[in-house]
Amino acid sequence: MRMFTFSTRCCGGWAVLLLWLLGRPLLAQTPDPWRVDATNIDSGNYYGATVANGMIGIVSSPVPFQVKNVVLAGAYDQYGRGRVSNFLNSFNLLNMYLEVNGHRLDARDARNFRQQLDLQRAALTTTFDYADQATISYTYYALRQLPFTVLLDVRITARKDLSLVAASVMDAPDALRDVQNYYNEIDRPHATLSLLTSSAKSPTGKLLLCASNSFLFEEPHGQQPRVIHEMWDNSLHLMKFGKTLRAGQSYGYAVAGSSITSAHHPDPLNEAERLTIFARLEGRQRLLAFHEQAWQQLWQSDIQISGDAQAQQDVHSMLYHLYSFSRAGTDYSPSPMGLSGLGYNGHVFWDSDLWMFPALLVLNPKIAKSLVEYRFKRLDMARRNAFAHGYQGAMFPWESADTGGEETPVWALSGPFEHHVSACVGLAAWQYYCVTQDRDWLRTTGWPLISATADFWASRVERNGPGHYDIKNVVAPDEWAENVDNDAFTNAAAQKNLLAATAAARLLGLPANPDWQLVAQNIPLLRLADGTTQEHASYHGEGIKQADVNLLAYPLGTITDPARIRKDLTYYETRVPSEGTPAMTQAIFALLYARLGDGAKARHFFDDAYQPNLLPPFRVIAETKGGTNPYFATGAGGVLQAVLMGFGGLDITPTGLVQRKTTLPTGWQSVKLTGIGAQRKTYSVQR
């Protein structure tokens, strides 16, 4: 806190004291670094918070005891948009209702309705009052230690004597078919397990989706309420219990549930019940203790900002969502909207490899490893894709889902032409080695990816003489530039991919294809007459959708001369429209200006990278300014890279992470990065 000195011998001293006293209430408004509060909630302008564990995601609702979406990583079927695989809504296994003295509560009954997203504990708590009868609180968790299991924790405090009926409702989304409902009670000497279970087929019948849940009571076994099952229709059934409370009495219960599909387990119906029984017998306290312990371990890798409390909260929120949308030990990779719903059909783009992966890599290499594993498991399909297009090596699809085949709708030209994604895959694998220095992994997993994508580029170029190994007919990262030649980012990324393959071969003692080096040396990078890097061969100053040329300075490191970096920034920052473009571009501008020593520009573009995109009531990021499609994890990845690699000065090099000289944004006092890299180091930058 800033310290003030004053003297009572002059009115000026009293003025300072008065200003200090007037300023004190403002301290209470300082954003909490770990908690995002939603108080004046407008249900018509509400974009839910996501509680997720890298496998299952729950999206909140402004309606009491309702959940908007439940989605599972890796669960796709062909329905709806574009005759391609799409994410599915799973069973809404945590919906419930509550009756007080025979009246079923709804949104009109909820006074003082407020929600709080606890980023540190990955918990979403809703609290409201019902008339003068009761205060009600409930919290959602996607249990971090149990990838397919969620928990709803409820507490009711009676203000008057009252009777309750609480129900857990299992509801099947409309897209599912052949719904089957089950209810079982399993008696054991110390517990009766009530299992509310449902299964259904995905729209084409490809998948079997299953969910099961059970009540967790506070009372000892012999004193627990009697559970009653009700079947309403084919898509909905419930279990409920009753309870009488005295005025002043507080009563709690929980619902633990599991959701899993045949994409994850060969017998999802029985597995859903087994996982729910496991959670039920672990009990509420152990479930929450292990969940919080897992998140404490994640937060050992953190970004701590001094001098901008709102930026601290926002950066924690972005990092929370990236952690929530991914997990170690899988072969899944996040889509642009993560596990926040059905956005972008759950498909995987370059967003995961270039925008989310680097931030995860330096903060938590074990999680980042899963994103590379996703590509490695689908390498064979990428080889087939290259073969089908007349190329060698591996050509990764622009949109990928479960099989690794191309999932871009045919009307979008990015599918057959946005080839830079293959370079991004190869470079992500190389970056993983650079940070971890794990040569065994490089040999078994990294090398196949890096060498196969290098082979693709060696066959993709058109050899038109020295300095003219052209890459023609591509869609640029600036997707307004369709079917252009020698796109700057595509060409430079291909170069880096080819050189990484050569370096990896040298490290592993393997023979490098000499053609890789030759091709890399002859891929052209074009310039305009004034020396500015030209975005592509037919580019003449028109507006661009997003950064392309500026990515050559970071993350590619192809352009290193500060004067040229600044020249390209000055030129292209005026070509990006103020609205309607993705959020990542301004983050790269902020990063580069920090490295150039311009704190004012770094602050301007950092703020511009996400603040105009924030949606109520949880400050979740939309893809574009004024957009309404949360949660854009790609943009979060870009902003986090601005902090880590821009303001924090981290640099990924072939020998590991290093810290380079940088500048903090105007107004910031310090950045402290903890738990960084495989060695879990701490890096700091002070003003």
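The values are calculated or read from the model by the stated rules, or taken from the named source; none is laboratory data. Keep in mind the model is a prediction, meaning the values are calculated, not measured. Note: ideal-geometry Cβ built from the backbone for every residue, glycine included; neighbour counts use all protein chains shown.
In summary, E407 fulfils each of the numbered conditions (1) part of a loop (DSSP other than H, G, I, E, B); (2) within 27 Å of L525 (Cα to Cα) with the single exception of condition (2). Only residues that are touching an Asp or Glu at 6+ places or on another chain (Cβ under 7 Å), more than 20 Å from V169 (Cβ to Cβ) and buried (at least 19 other Cβ atoms within 10 Å of the Cβ) were counted across the stretch 255-300, and they come to 1. All of (1) touching a Phe, Trp or Tyr at 6+ places or on another chain (Cβ under 8 Å); (2) assigned to a strand (DSSP E or B); (3) surrounded by 18 or more Cβ atoms within 10 Å (Cβ to Cβ) hold for V179 with one exception: (1).
To keep it simple, each residue is scored yes or no on (1) over 30 Å from the mean Cα position of the chain (by Cα); (2) not in a helix (DSSP H, G or I).
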{"residue": "P524", "(1), (2)": "yes, yes"}
{"residue": "A537", "(1), (2)": "yes, yes"}
{"residue": "L551", "(1), (2)": "no, no"}
{"residue": "L556", "(1), (2)": "no, yes"}
{"residue": "I559", "(1), (2)": "no, yes"}
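Please enumerate the residues belonging to the stretch 657-687 that are crowded, with 16+ Cβ neighbours inside 10 Å, hydroxyl-bearing (S, T, Y) and in contact (Cβ under 8 Å) with a residue 60 or more places away in the chain. Scanning the stretch 657-687 gives T662, T663, T666, T674.
Among the residues in the stretch 577-586, are any among the hydroxyl-bearing types (S, T, Y), outside the structural domain of L117 (by TED's automatic domain parsing), outside any helix (DSSP H, G or I) and touching a residue at least 40 places away in the same chain (Cβ under 8 Å)? Yes, that holds for at least one residue. Of all residues in the stretch 31-56, those that are over 27 Å from G257 (Cα atoms) have Cβ atoms under 8 Å from Cβ atoms of residues that are part of a strand (DSSP E or B), 6 or more apart or on another chain, in T39/R114; T39/P617; N40/P617; I41/F113; I41/R114; I41/Q115; I41/P617; D42/P617. For first residues located in the stretch 161-180 and within 15 Å of Y253 (Cβ to Cβ), partners that are assigned to a strand (DSSP E or B) and among the small types (G, A, S) and lie 6+ apart or on another chain with Cβ distances below 6 Å form the pairs V165/G242.
Selection of the stretch 469-496 for residues being in contact with an Asp or Glu (Cβ under 8 Å, 6 or more places away or on another chain), under 18 Å from M584 (Cα atoms) and outside any loop (DSSP other than H, G, I, E, B) yields A488, F489. Hey, could you check the stretch 625-639 for residues that are over 17 Å from G341 (Cβ atoms) and not small (G, A, S) and say which is surrounded by the most Cβ atoms within 10 Å (Cβ to Cβ)? Restricting to residues being over 17 Å from G341 (Cβ atoms) and not small (G, A, S), the top hit is V639.
For (1) more than 16 Å from L508 (Cα to Cα); (2) without any contact (Cβ under 8 Å) to a residue 40 or more places away in the chain; (3) touching a Cys at 6+ places or on another chain (Cβ under 6 Å), each residue gets a yes or a no:
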position	(1), (2), (3)
D402	yes, no, no
V410	yes, no, no
P416	yes, yes, no
H419	yes, no, no
V425	yes, no, no
T444	no, yes, no
S451	no, no, no
D455	yes, no, no
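So that you can scan it fast, the table gives a plain yes or no per residue for (1) β-branched (V, I, T); (2) touching a Lys or Arg at 6+ places or on another chain (Cβ under 7 Å); (3) within 22 Å of S340 (Cα to Cα); (4) not in a strand (DSSP E or B):
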{"residue": "R286", "(1), (2), (3), (4)": "no, no, no, yes"}
{"residue": "E292", "(1), (2), (3), (4)": "no, yes, yes, yes"}
{"residue": "I303", "(1), (2), (3), (4)": "yes, no, no, no"}
{"residue": "D314", "(1), (2), (3), (4)": "no, yes, yes, yes"}
{"residue": "Y320", "(1), (2), (3), (4)": "no, no, yes, yes"}
{"residue": "Y323", "(1), (2), (3), (4)": "no, no, yes, yes"}
{"residue": "S326", "(1), (2), (3), (4)": "no, no, yes, yes"}
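Against the numbered list (1) farther than 12 Å from A359 by Cα; (2) surrounded by 24 or more Cβ atoms within 10 Å (Cβ to Cβ), A642 comes up short only at (1).
Looking at Y46, Y79 in this structure, which one is under 29 Å from L288 (Cβ atoms) and either in contact with a Pro (Cβ under 8 Å, 6 or more places away or on another chain) or of a type in the set (S, T, N, Q) (or both)? Reasoning before the result, please.
Values: Y79 fails: under 29 Å from L288 (Cβ atoms).
Only one candidate passes the filter, namely Y46.
Yes or no, residue by residue, for (1) part of a helix (DSSP H, G or I); (2) at pLDDT 95 or above; (3) within 29 Å of A401 (Cβ to Cβ):
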{"residue": "W232", "(1), (2), (3)": "no, no, no"}
{"residue": "V255", "(1), (2), (3)": "no, yes, no"}
{"residue": "A263", "(1), (2), (3)": "no, yes, yes"}
{"residue": "E271", "(1), (2), (3)": "yes, yes, yes"}
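Taken over the stretch 649-687, the criterion of being in a loop (DSSP other than H, G, I, E, B) and under 18 Å from A602 (Cα atoms) is satisfied by G649, R660, K661, T662, T663, L664, P665, T666, G667, W668, Q669, R687. Selection over the stretch 574-595 of residues that are farther than 15 Å from L644 by Cα and in contact with a Lys or Arg (Cβ under 9 Å, 6 or more places away or on another chain) gives a count of 9.
Kindly provide the set of residues from the stretch 138-176 that are within 27 Å of L287 (Cβ to Cβ), of a type outside the set (S, T, N, Q) and in a loop (DSSP other than H, G, I, E, B), ordered by number.
First pass over the stretch 138-176, keeping only residues within 27 Å of L287 (Cβ to Cβ): 138-158, 164-173.
Now narrow it down to the ones that are of a type outside the set (S, T, N, Q): 138, 140-144, 146-148, 150-156, 158, 164-167, 169-173.
L143, R144, L146, P147, F148, A172, P173 - these are the residues of the stretch 138-176 that are within 27 Å of L287 (Cβ to Cβ), of a type outside the set (S, T, N, Q) and in a loop (DSSP other than H, G, I, E, B).
The requirement of being at pLDDT below 95 and under 15 Å from S60 (Cβ atoms) is not satisfied by A172. Scan the stretch 301-340 for residues that are of a type in the set (G, A, S), in contact with a strand residue (DSSP E or B) (Cβ under 8 Å, 6 or more places away or on another chain) and either in the same structural domain as S194 (by TED's automatic domain parsing) or surrounded by 19 or more Cβ atoms within 10 Å (Cβ to Cβ) (or both) and the total you get is 8. Scanning the stretch 541-577 for residues that are more than 24 Å from L427 (Cβ to Cβ) and surrounded by 16 or more Cβ atoms within 10 Å (Cβ to Cβ) returns R566, K567, Y571, E573, R575. Scanning the stretch 479-490 for residues that are farther than 18 Å from M395 by Cα and touching a helix residue (DSSP H, G or I) at 6+ places or on another chain (Cβ under 8 Å) yields E479, E482, A488.
Before we move on, is E292 farther than 30 Å from Y610 by Cβ and under 28 Å from the mean Cα position of the chain (by Cα)? Give the steps one after another, and end with the answer.
Details: farther than 30 Å from Y610 by Cβ: no; under 28 Å from the mean Cα position of the chain (by Cα): yes.
No; evaluated as a whole, the condition is false for this residue.
Taken over the stretch 375-397, the criterion of being touching a residue at least 60 places away in the same chain (Cβ under 8 Å) and of a type in the set (A, V, I, L, M, F, W, C) is satisfied by F376, L379, A382, A386, A394, M395.
So which residues in the stretch 517-527 are under 28 Å from G580 (Cα atoms) and touching a residue at least 40 places away in the same chain (Cβ under 8 Å), if there are any at all? Listed by number, the list holds a single entry, L526.
For A211, the test of being touching a Leu at 6+ places or on another chain (Cβ under 8 Å) and farther than 19 Å from M96 by Cβ is failed.
If you filter the stretch 95-143 down to residues that are surrounded by fewer than 16 Cβ atoms within 10 Å (Cβ to Cβ), in contact (Cβ under 8 Å) with a residue 12 or more places away in the chain and in contact with a helix residue (DSSP H, G or I) (Cβ under 8 Å, 6 or more places away or on another chain), you find that the one that is nearest to D302 (Cα to Cα) is A107.
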